[in-house]
Amino acid sequence: MTATRRRVSLMLTAACVALSAVAGCAAMSKPPTRPDLKAWPEIRSDFRLEPLRQRMHEYSITFAADVDLAATSIEQRATDATVRRNAMLWRVRAIPEMRKAGFRLEPIAALIDTWIFARQMDQLFSDDGGGAGAFGTFQPEAVAVARRLVTEMREIAGTIAVSPETTVAFERKYIAPWLDEHPLRDLTFVRESPIARFADQSRASGDLVQSVGSIAELAVSLSQQARIYAGDLPRQVRGEIDLMRTDILPPDSLASMQGDLHVSAAAADRIASTAEGMLPLALNERRIVLEEINRQREIVMAGVSAEEEHAVGTLVRSFALERTEMLRSFELQRLATLEWATGERREAVADLHREFAESIAALRGERAVVINDVRHIVDAVLLRVAIFLIAGVLLAPVVAHVYVWVWPRRRRKPGTTAGGSDVHG
């Protein structure tokens, strides 16, 4: 038992360290967004996830306290061994099943699963259920507890419903059909979870981060659950051991064994009183008998301790499996987030590259247009200069001839001829 307790303590310490590490990474998480409630028209769009999650956790704790109190009371007062075993079975099996339903990550899924389980337990204890006569004369007490828990569940559902009418409609639409198809058969509370049927609505209403919230809120929730499980672990282990002891050693056999032990003790006392006046051989035989009795007692105690360690080891392995599944879920969520971020980055780089290529192509087109315009302007200017030079070359002799012809006439004086004689003389 010491080694088992040490392993349990190490597991709880490791879980607390892991939760602290997750809480330390909470600064990197994005704030939660509100889920899409198109698939749930009966639920108010302004309800908050965290209060609903807290209500489900408190309901799970209240459920465990009420069932434990009622079952323990019936077990202590009942005289029938079957009724006592049924009360113990109710306490040991119903409380873990309710915690599994109420501590789901998505509050709406926890609400539906818990509501269905409360209705299934009420139906099981009713007159037409499989456990109608499980508690004998104490049956009305179990029925009263089950119906009170169903009423509390409806009150919790009414806090997020649009109106009381929509609460009734929600129960008729989602709870009652599943209850009719999957009733509880006996007090083992073996049932099929309804979450698989509502997986499509859960996926349509948002991803896990949207429904659960930030990593910090998830770490706080898991820490609370770990504390509750750790606090109730000894009681649950004791209940499992008592149930196992009841199954291994029926009450009739236990009473017979106790009677045989009393007879053996009385016989041993008689033998001891007789042997006091006998020879040392008789004393030696008495010692041998007492040693055999002690050896048998040690064997019985060792068997009980081995069974107890086996039960505790099973619970510890179950807790380790749950922790492994939780870590694997965290790893899958992290990989999915990294894959999504890588895809977004690649799309952004591709868009930027495409826009940059389009800009370069536009600039090249504009440069070609400008170069063409400049080329046309230069060609026009050169053409004009060439025409001017050609005109100058062609017209230069004509201008010179005209100049020679016109310039001497302009320099002659009036009244003279070309030879310089006076026209009047």
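What the table below lists for this structure:
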item	result
Some residue of region 140-147 being loosely packed, with under 14 Cβ neighbours inside 10 Å and in a helix (DSSP H, G or I)	yes
Where Val162 falls short, out of the listed (1) in contact with a strand residue (DSSP E or B) (Cβ under 9 Å, 6 or more places away or on another chain); (2) open to solvent by less than 30 Å² (accessible area, probe 1.4 Å)	(2)
Selection within region 57-81 - farther than 18 Å from Val145 by Cα and either open to solvent by less than 40 Å² (accessible area, probe 1.4 Å) or without any contact (Cβ under 8 Å) to a residue 12 or more places away in the chain (or both)	His57, Thr79, Ala81
Residue that is touching a residue at least 60 places away in the same chain (Cβ under 8 Å) and either open to solvent by 80 Å² or more (accessible area, probe 1.4 Å) or within 31 Å of the chain's Cα centre (by Cα) (or both), where the choices are Leu332, Leu352, Leu327, Leu338	Leu327
Hits in region 137-164 (condition: more than 25 Å from the chain's Cα centre (by Cα) and at pLDDT below 90)	Val162, Ser163, Pro164
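Conditions (1) open to solvent by 60 Å² or more (accessible area, probe 1.4 Å); (2) out of contact with any helix residue (DSSP H, G or I) (no Cβ under 7 Å at 6 or more places or on another chain); (3) modelled with pLDDT under 85, marked per residue:
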{"site": "Arg7", "(1), (2), (3)": "yes, no, yes"}
{"site": "Ala18", "(1), (2), (3)": "no, yes, yes"}
{"site": "Pro31", "(1), (2), (3)": "yes, yes, yes"}
{"site": "Pro41", "(1), (2), (3)": "yes, yes, yes"}
{"site": "Phe47", "(1), (2), (3)": "no, yes, yes"}
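The values are calculated or read from the model by the stated rules, or taken from the named source; none is laboratory data. Since the model is a prediction, treat every value here as computed from it, not as a measurement. Note that each Cβ is placed from the backbone with ideal geometry, even for glycine, and that neighbours are counted across all protein chains shown. Note: accessible area is taken over every heavy atom of the protein model, side chains too, but ligands, DNA and RNA are not part of it. Shrake-Rupley method; radii C 1.70, N 1.55, O 1.52, S 1.80 Å.
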